[in-house]
Structure formats: structure tokens, C-alpha cells
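For reference, the structure is listed below as C-alpha cells.
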Amino acid sequence: MLTYKAMYKFLDDGVHGEVLDFPGAITWGENLHEARRLLASALTDMAETNLMLGESLPKPDPNVTDADADLEEPIHLLLTAASRVAIVPEKIRG
């Protein structure tokens, strides 16, 4: 498990969310609950993309902060390993 730092900024029309120490993991939601959910999804998508491209994941920085944030809190990235197996039927010779 890697622990990054999430920040949220409350705006007139919703909540901006961003993972401060994982560039590109950003989102927006109508409320804090939705922004948290969408930010977790964005972090997962960004991490999977990095790994598929053979890139390393950013190192978490517990000291990173944003003076404009209304709320900062940890966000956890759980890494799991999985194998994908496809069974392709043998072609019938005719």
C-alpha cells in the first residue's frame, strides 16, 4: 500500500480534488463524497497507466501541501497483482 496526500478545495459549484504527490490525479465532484470517490478512481487509473507504460509510480511525499486546500488527507493506493488468461479455442481444420 502506498499512501499519497489528497487535497480538496470547496468551490461554489462543487469540490476540486487532487493527489498532491501524484501528478495528473485530479477530479471534480458535486460534493466531498463524490470528489473522494472520483479521486480514488483517478489515482487508480493513473497508477495503472504508469505501470502499463513501464513507468514507475511517484514516490509519496508526506511533506507536500497546498496552501489553497480546504482539506488535506491521506489517500491509499492498494496494489494487487493479477494474471490475465485467455482461452482461445483451437481452430477446426476443415
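All of the numbers you see were taken from the coordinates with simple rules; none came from a lab. Small disclaimer: the values here were computed from a predicted structure and weren't measured. All Cβ positions, glycine included, derive from the backbone under ideal geometry; neighbour counts span all protein chains shown.
Here each label is just a point 7 Å from Cα along the line to Cβ, and for L57 and L79 those points are 0.5 nm apart. Let me check against my output: what whole-number percent is the relative contact order of the chain, with C-alpha pairs under 8 Å and at least 6 apart? Computed value for the chain: 36 percent relative contact order. For E73, neighbours were defined as the other residues whose beta-carbon sits under 10 Å from its Cβ, and their charges (Lys and Arg +1, Asp and Glu -1) total +1. For Y8, neighbours were defined as the other residues whose beta-carbon sits under 13 Å from its Cβ, and their charges (Lys and Arg +1, Asp and Glu -1) total -4. Taking amide H as placed 1.01 Å from N in the peptide plane, the amide H of K5 sits under 5 Å from that of L20, D21, D61, I75, each at least 5 places away or on another chain. Each residue, D68 and D13, gets one label point 7 Å from its Cα in the Cβ direction; the gap between the two is 1.6 nm. Largest first, the extents of the alpha carbon coordinates of the chain on the three principal axes equal 69, 29, 18 Å.
Seen from G17, the other residues with C-beta closer than 12 Å to its C-beta sum to a net charge of -3, counting Lys and Arg as +1 and Asp and Glu as -1.
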